[in-house]
1. Within segment 121-132, is even one residue in contact with a strand residue (DSSP E or B) (Cβ under 7 Å, 6 or more places away or on another chain), of a type in the set (Gly, Ala, Ser) and open to solvent by less than 10 Å² (accessible area, probe 1.4 Å)?
2. Has segment 6-14 got any residue that is of a type outside the set (S, T, N, Q), modelled with pLDDT under 95 and surrounded by 12 or more Cβ atoms within 10 Å (Cβ to Cβ)?
3. Which helices (runs of 4 or more DSSP H) does segment 1-94 wholly contain that include 2 or more residues that are touching a helix residue (DSSP H, G or I) at 6+ places or on another chain (Cβ under 7 Å)?
4. Counting only residues that are open to solvent by 30 Å² or more (accessible area, probe 1.4 Å) and assigned to a strand (DSSP E or B), how many does segment 248-288 have?
5. Tell me, yes or no, whether segment 69-88 has at least one residue that is touching a strand residue (DSSP E or B) at 6+ places or on another chain (Cβ under 9 Å), of a type in the set (S, T, N, Q) and farther than 25 Å from Val117 by Cβ.
6. Only one of (1) under 19 Å from the mean Cα position of the chain (by Cα); (2) in contact (Cβ under 8 Å) with a residue 40 or more places away in the chain is not met by Thr209, so which one is it?
7. Suppose we keep only residues that are farther than 15 Å from Gly186 by Cβ and small (Gly, Ala, Ser) within segment 94-138. Which one would you say is nearest to the chain's Cα centre (by Cα)?
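The values are calculated or read from the model by the stated rules, or taken from the named source; none is laboratory data. Note that the structure is a prediction, hence the values are computed from the model and not measured. Note that we place each Cβ from the backbone using ideal geometry, even for glycine, and neighbour counts take in every protein chain shown. The area values use the complete protein model at the heavy-atom level, side chains included, leaving out ligands, DNA and RNA. Shrake-Rupley method; radii C 1.70, N 1.55, O 1.52, S 1.80 Å.
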Amino acid sequence: MNGYALATVQTADGPEPALALEDGRLLVHDRLAGCSVRALLDDWAAAQEVLDEIAAAPGTGRFLDPDMTTLLTPVRYPDALVAVGANYSGHLKEMGLEPTRWPVMPFFHRPPRTSLVGPGDTVSIPRSTTEFDWECELAVVVGRPLRHADCDEARAAIAGYSIGLDLSCRDLVKPAAAALVDLTRGKAQDTMAPCGPVLVPAKFMPDVTDLRVTLAVNDEPMMDASTSEMLYPVDEQLSIISEYMTLSPGDILFTGSPAGSAAHHGGRWLKPGDRIDARIGDIPTLTVSMRHD
């Protein structure tokens, strides 16, 4: 069996699932016609059998030219897009905080249909901010329902991984009063959660505890860290969240960002025309560009 990832591509007939093969080719197949990556996740075990068979005999499908194909965000659309904060020791240090686990793991919900976008010229900088910043996060995609799950159950429910950008309006997140932080205006506006470019099945990424995380803006390095800095590991994050809300197949979790945000690069806030290249482990690079709203 050949390794592969799942993509959602824009075709003349609308969005379609495709296999992204290790050699960089994109493969669409009649066995996936009329389906979507989101629908495949509803019965992920059965879907993987089909995907394995297609990957083992790619000649039975149709190849697309990657340079002429538009990739969309892989999962269109989850019921829930959840983001965890304060989860990297380095990020806490750069904010002047103790690099230790908080007694209560912070997380929040973003609107998936309006905030999720794929690679390309897809991010509109909100008119309401002058301090538009980046965060690079391992994105976890759920492959079975989770409710009151322990860590083993949570780990077994992971369908795969992608790259997420938790874009932030720093001037809108700042507390306005004691215990009041506006995450909706600061982190949940339209197009502020790029995710992609593909979904890598978890079986091809059996260990995500020490993946290199890098981010560059216009080829200038801004972040270089490791998932080993996570204070709450991925399975524990899912387990904790499942105590408070049901996670369903297709749901996405952004797992926190390391150090290297714009404020710590001299206030080098994002502006129209800027390009972000984000990399985590061997997941293909997520590249997005900024534009005016």
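1. no
2. No, segment 6-14 contains no residue that is of a type outside the set (S, T, N, Q), modelled with pLDDT under 95 and surrounded by 12 or more Cβ atoms within 10 Å (Cβ to Cβ).
3. Result: 44-56, 89-94.
4. Going through segment 248-288 one residue at a time, the tally reaches 5.
5. Checked segment 69-88: no residue is touching a strand residue (DSSP E or B) at 6+ places or on another chain (Cβ under 9 Å), of a type in the set (S, T, N, Q) and farther than 25 Å from Val117 by Cβ.
6. With respect to (1) under 19 Å from the mean Cα position of the chain (by Cα); (2) in contact (Cβ under 8 Å) with a residue 40 or more places away in the chain, Thr209 is out only on (2).
7. Gly118
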